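Novice: Take this structure first; my questions come after.
Just so it is clear, none of the values below were taken in a lab; they were calculated from the coordinates. Since the model is a prediction, treat every value here as computed from it, not as a measurement. Reconstructed Cβ throughout: ideal geometry from the backbone, glycine too, with neighbour counts over all protein chains shown.
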Amino acid sequence: MNIRPKIETRFSACPHDCPSTCALEIEKIDEYTIGKVRGAKANTYTAGVVCAKVGRYAERIHHPDRLIHPMRRVGEKGSTDFQRITWDEALDETAEALLKAEQTHGSEAVWPYYYAGTMGLVMRDGIHRLRHAKRYSGMYDTICTALSQPGFMAGAGALRGPDPREMAVSDLVVIWGTNPVHTQVNVMTHAVKARKDRGAKIAVVDVYETSTMKQADIGIVVRPGTDGALACGIMHVLFRDGHADWDYLEKYSDCPKEFEQHLSDKTPQWASDICGVPVDQIEAFARHIGETKRTYIRLGYGFARSRNGSVNMHAATSIATVTGAWLHEGGGAFHNNGSIYHIDKSLIEGQDVRDPNVRYLDQSRIGPILTGDPFDLGDGPPVTALFIQSTNPVSVCPEQDKVKQGFARDDLFVCVHEQFMTETARMADIVMPATMFMEHDDVYQSGGHQHIILGPKIIEAPGECKSNHDVVCELAARVGAEHEGFSKTPRELIDWTLQASGWGTVDELEEKQWIDCQPDFNRAHFIDGFRFPDGKFRFKPDWAGTRIRPFMDRTFGPIDQIPAMPDHWDVIENADDDHPFRLATSPARSFLNSTFNETKTSLEREGRPELFINPKDMTELGLDEGRKIRIGNKRGEVILHARSFDGIQRGVVIAESIWPNDAFEDGRGINTLTSADQPAPNAGGVFHDNHIWIRPAN
Ligand code: SF4
């Protein structure tokens, strides 16, 4: 008789780079195996729902291609020619290379480089402890949040807002610049509940008809980088037609009369000429917002990935202030809850040993940096050693040709600690196998809701995988880095961090699984005032004083040219005669940046790299459906296939991403075309702000 194994249900949190940070229930089949992954029903934000790619996580964690042994490169950089070595050999050789770089050029020649392959505070951020203890170069994390967050903070002064669960009691949910059907699925859970329970409308603003827009009642398709114009056109109507809440504006905003005057010529026609949305659609949308007190504006990251992204985010946030929607349950604007947690990461990150004189290098500019751009390096040393955890810059970073050129340097040592043989790992000298989230202890805070969630170890890792924390500590011992954090276990670090932050102990968190950190209504809705000394929302922000990272004591880009008040700031890479199309690289449903692009199901569901093109542009270009095309700009060229798509404005094209570079005919991925320019005010990745030409390929 077959005896079925007893399946336990364990809890965790999704560690991936997605604001939903879903609370998970995971079937544990045995010490090494998981079964199904579900959303935790008892968590009031996750509400039992996760996206399909995490629902089938067993496919990823038990993937036959996982890295399970340390390896040394024996072939060409970029090949898969590696030989198995011991952990001692891998760690000794890496430490030796880091010490050699330090002795030759100084400690700043070593660049520990990381990102959001895990969002766990211990495993993601512990690399800073090694950095600070050794005075290695800092990394300014610009890829994701550096454009959007300053835009929200410029107006509100803090990164928080109305409880995202309040979408369920809203009468109009505006989902702006994010595609929650693809990822961040819980936004839809709460928005759809409002529609079902109270007849609320769902409106979506995006650069193409996304899967989310297909489910919406109102769909607004803008040209990339023109959301500021749309927001101004809406606010013009709100003031013009008596929908501005003047009592609210007088009490809670800095210069409402001046702002009304500023908007007087930002008519729907003016906005339409810039953003391409028909005038009657702008009028109707503005009227709907004006007549709906409970309008909840859920602002995503996507529409900020543009040279004017911070200005656009600020403009969209300003709408809730003009109508006074912040006053109402189910109303206001929300982007991210980063300010509510006040997490003390000093032990995890070794902040007490940080030397403020050590340079910071812009994460997005790894291509120019590795190719020796004096703009980044100044009179500092070149980067001659990289230690990389939880990110895949050869796929995900802009100006990919330069990134590859930099990684190919003979004088650059690279160690990559990873879960799969990514395109970055293939450029490494030493590759180390990394655990996945169910194989180590960590703790997570969500940007898109209000929970701290524990993610305890559930199963044993395969082969010889080690956690990020273990590798950082073992390397630290070999390079002479000293800090008390290196002698603690992940669980001890979590316990210390929670207690120092006022959130109890790790044992208490384990008992509860998560902590709901939602501030009270008055604080969340800024009824107590926006976070400035006078409590007033800023229509006229202090852009020079807006910072997303305390350690970054400077601004970036043409900050003096930012318009004083919301506007269309025309610094985007506009189409021109040589580059008639604007390209956005929006996230594909089955990938999450370059994560999940190793699983069979995700690859099969996505098909192949394609470019969505308006049917009229297809005709004008003489392209048939599925035609192989070459697209390019001054940064390079990419080959993919044309797909006729009528949910997009003429002159705009979308390449859903991020495919592995290898999925493209000549191995050049979509980020060959994206730019590493540093936008104002805080820098940031401008992934949806590109002009290109399109030609048939042979
Ligand atoms: S929606 Fe986002 S947070 Fe939730 S399971 Fe999917 S990737 Fe993870």
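Novice: So what's segment 599-689 giving for Cα Rg divided by 2.2 N^0.38 Å, two decimals? All intermediate terms of the calculation are to be shown ahead of the outcome.
Specialist: Numbers: Rg = 14.2 Å, N = 91, 2.2 N^0.38 = 12.2 Å.
Segment 599-689 yields a ratio of 1.17.
Novice: Quick check: residue separation of residue 196 and residue 698 times 0.36 nm, minus the Cα distance between them. What number comes out in nm? Please list the in-between numbers first.
Specialist: Working: separation 502, 0.36 × 502 = 180.72 nm, distance 5.08 nm.
Contour length minus the Cα-Cα distance gives 175.6 nm.
Novice: Just the ratio, please: alpha-carbon radius of gyration of segment 112-152 over 2.2 N^0.38 Å, N its number of residues. Kindly include the intermediate steps, with their values, before the conclusion.
Specialist: On the way: Rg = 11.7 Å, N = 41, 2.2 N^0.38 = 9.0 Å.
Working it through for segment 112-152, the quotient is 1.30.
Novice: Which of the three applies to segment 549-590, rounded, prolate or oblate, going by the alpha-carbon gyration tensor with a ≥ b ≥ c and a/c under 1.5 meaning rounded?
Specialist: Working: a/c = 2.37, a/b = 1.33, b/c = 1.78.
Here segment 549-590 falls in the oblate category.
Novice: Hey, another quick one. Could you give each residue of segment 477-484 its phi-based ³J(HN,Hα) in whole Hz, using Karplus coefficients 6.51, -1.76, 1.60 with θ = phi - 60°, and x for Gly or Pro?
Specialist: Listing the rounded values in order: 4, 7, 9, x, 8, 10, 5, 5 Hz.
Novice: With a point put 7 Å past each Cα toward its Cβ, work out how far residue 410 is from residue 634 in nm, to one decimal.
Specialist: It is 3.2 nm.
Novice: Just the Cα atoms of segment 142-250, one point each, no solvent: what log10 I(q)/I(0) does Debye give at q = 0.14, 0.21, 0.23 Å⁻¹?
Specialist: Values, matching the q order: -0.70, -1.43, -1.45.
Novice: Starting from the 7 Å offset along Cα-to-Cβ, what nm value, one decimal, do you get for the label separation of residue 512 and residue 534?
Specialist: Roughly 3.9 nm, to one decimal.
Novice: How many angstrom separate the Cα center of segment 667-698 from the Cα center of segment 14-92?
Specialist: Taking the Cα centre of each part, segment 667-698 and segment 14-92 sit 29 Å apart.
Novice: Next up: Cβ under 9 Å from residue 626's Cβ, residue 626 left aside: what net charge do those residues give with Lys, Arg +1 and Asp, Glu -1?
Specialist: Working: positive: 627, 628, 643; negative: 610, 624, 625.
Neighbour charge sum, excluding residue 626 itself: 0.
Novice: Using only alpha carbon pairs under 8 Å that are at least six residues apart, calculate the relative contact order of segment 581-696 and give it in whole percent. Please report the intermediate quantities before stating the final value.
Specialist: On the way: 238 pairs, mean separation 42.3, N = 116.
Answer for segment 581-696 is 36 percent.
Novice: Another question, then. Defining a contact as two alpha carbons under 8 Å apart and six or more residues distant in sequence, what relative contact order in percent does the chain show?
Specialist: Working: 1654 pairs, mean separation 136.2, N = 698.
RCO, the chain: 20 percent.
Novice: A further question on this structure: Please rank 656, 96, fewest neighbouring Cβ atoms within 10 Å first, as an exposure proxy. Mind showing how you got there, number by number?
Specialist: Numbers: 656 25, 96 13.
Least to most surrounded, the residues fall as 96, 656.
Novice: Among 313, 552, rank each residue by its count of other Cβ atoms within 10 Å, from fewest to most, as a rough exposure measure. Could the numbers behind the result be given before it?
Specialist: Working: 313 32, 552 18.
Taking fewest neighbouring Cβ atoms as first place, the list is 552, 313.
Novice: Can you spot the aspartates and glutamates whose alpha carbon is less than 15 Å from residue 201's alpha carbon? Ignore those fewer than 8 places along the same chain.
Specialist: 166, 171, 217, 291
Novice: Relative contact order of segment 8-61: what whole-number percent is it, with Cα pairs under 8 angstrom and at least 6 residues apart?
Specialist: Details: 88 pairs, mean separation 14.2, N = 54.
This gives 26 percent for segment 8-61.
Novice: Which residues' amide hydrogens lie under 5 Å from the amide hydrogen of residue 656, considering only partners 5 or more residues apart or on another chain, with H built in the peptide plane?
Specialist: 610, 612
Novice: Tell me the angle of helix 279-291 to the major Cα principal axis of the chain, expressed in degrees between 0 and 90 and rounded to the nearest ten.
Specialist: Tilt relative to the chain: about 90 degrees.
Novice: Among 407, 537, 486, which comes first, then next, by fewest other beta-carbon atoms within 10 Å? Mind dumping the intermediate values first?
Specialist: Details: 407 23, 537 26, 486 19.
The order, fewest Cβ neighbours first, is 486, 407, 537.
Novice: Straight-line reach only, C-alpha to C-alpha below 18 angstrom: list the lysines that residue 6 could link to, leaving out same-chain residues fewer than 8 apart.
Specialist: The qualifying lysines are 28, 36.
Novice: Quick check: the distance between the Cα centres of segment 197-211 and segment 609-623, to the nearest angstrom?
Specialist: 26 Å
Novice: Read phi for every residue in segment 454-460 and hand back ³J(HN,Hα) as whole Hz from Karplus 6.51 cos²θ - 1.76 cosθ + 1.60, θ = phi - 60°, with x for Gly and Pro.
Specialist: 7, x, x, 4, 10, 10, 6
Novice: At residue 281 and residue 84, where each label point lies 7 Å from the Cα along Cα→Cβ, what is the point-to-point distance in nanometres?
Specialist: It works out to 5.7 nm between the two label points.
Novice: Ranked highest first by average number of other Cβ atoms within 10 Å, how do 285-296, 69-80, 515-526 line up? Each step should come with its number before you reach the end.
Specialist: Values: 285-296: 21.8, 69-80: 15.7, 515-526: 17.3.
Highest to lowest by the protection proxy: 285-296, 515-526, 69-80.
Novice: Normalise the Debye intensity by I(0) for segment 8-61, one equal point scatterer per Cα, no solvent, then take log10 at q = 0.29, 0.31 Å⁻¹ and round to two decimals.
Specialist: For segment 8-61 at q = 0.29, 0.31 Å⁻¹, log10 I(q)/I(0) is -1.22, -1.33.
Novice: Given the pairs 53/512; 53/540; 196/257; 100/634, which are separated by over 30 angstrom at their Cα positions?
Specialist: Distance filter (> 30 Å) returns 53/540; 196/257; 100/634.
Novice: Antiparallel DSSP bridges in the chain: what percent, to the nearest 5? Working shown, then result.
Specialist: Values: 39 of 83 bridges.
Of the beta bridges lying entirely in the chain, close to 45 percent run antiparallel.
Novice: From the backbone phi of segment 403-418, what are the Karplus-calculated ³J(HN,Hα) couplings (6.51 cos²θ - 1.76 cosθ + 1.60, θ = phi - 60°) in whole Hz, Gly and Pro given as x?
Specialist: Values, residue by residue: 4, 5, 4, x, 5, 7, 4, 5, 8, 9, 8, 10, 10, 10, 9, 9 Hz.
Novice: While we're here: Taking H placed 1.01 Å from N in the peptide plane, check which residues at least 5 places from residue 253 or on another chain put their amide H under 5 Å from its amide H.
Specialist: 537
Novice: In segment 581-696, what percentage of the DSSP-assigned beta bridges are antiparallel, given to the nearest 5? Provide the component values of the computation, followed by the final result.
Specialist: Numbers: 16 of 24 bridges.
Here the share of antiparallel DSSP bridges comes out near 65 percent.
Novice: Once both axes come from the Cα atoms, what is the angle between helix 186-198 and the longest principal axis of the chain, in degrees from 0 to 90, rounded to 10?
Specialist: 30 degrees
Novice: Rg over Rh of the chain, using C-alpha atoms and the Kirkwood radius, what does it come to? Don't jump to the answer; show the numbers that get you there.
Specialist: Working: Rg = 24.6 Å, Rh = 25.8 Å.
The Rg/Rh ratio comes out at 0.95.
Novice: Here's something else I'd like to know. Sum -39500 (n - 2.57) across every DSSP H segment of at least 4 residues in the chain, then divide by the residue count to get the 222 nm mean residue ellipticity, nearest 500. Before the final figure, lay out each step's value.
Specialist: Values: 25 runs with 203 residues, N = 698.
Value at 222 nm, helices only: -8000 deg cm²/dmol.
Novice: Taking the alpha-carbon centroid of each part, what is the distance from segment 137-162 to segment 558-578 in angstrom?
Specialist: 19 Å
Novice: If the chain between residue 501 and residue 255 were fully stretched, how many nm would it gain, using 0.36 nm times the residue separation less the Cα-Cα distance? Provide the component values of the computation, followed by the final result.
Specialist: Details: separation 246, 0.36 × 246 = 88.56 nm, distance 3.65 nm.
My answer for the length gained is 84.9 nm.
Novice: Sequence-distant or interchain residues sharing an amide H contact under 5 Å with residue 573, placed H: which?
Specialist: For residue 573, the qualifying residues are 307.
Novice: Could you work out how much longer the chain between residue 58 and residue 27 gets when fully extended? Use 0.36 nm per residue separation minus the Cα distance between them, nm to one decimal. Intermediate results must be reported in sequence, preceding the final value.
Specialist: Numbers: separation 31, 0.36 × 31 = 11.16 nm, distance 0.99 nm.
Gain on stretching residue 58 to residue 27: 10.2 nm.
Novice: Pick out, in residue order, every one of the trypsin sites (Lys or Arg not before Pro) in segment 167-237 that is DSSP loop and has at most 16 other C-beta atoms within 10 Å; say none if there are none.
Specialist: Working: sites: 193, 195, 196, 198, 201, 214; in loops: none.
Here no loop site has a sparse enough neighbourhood.
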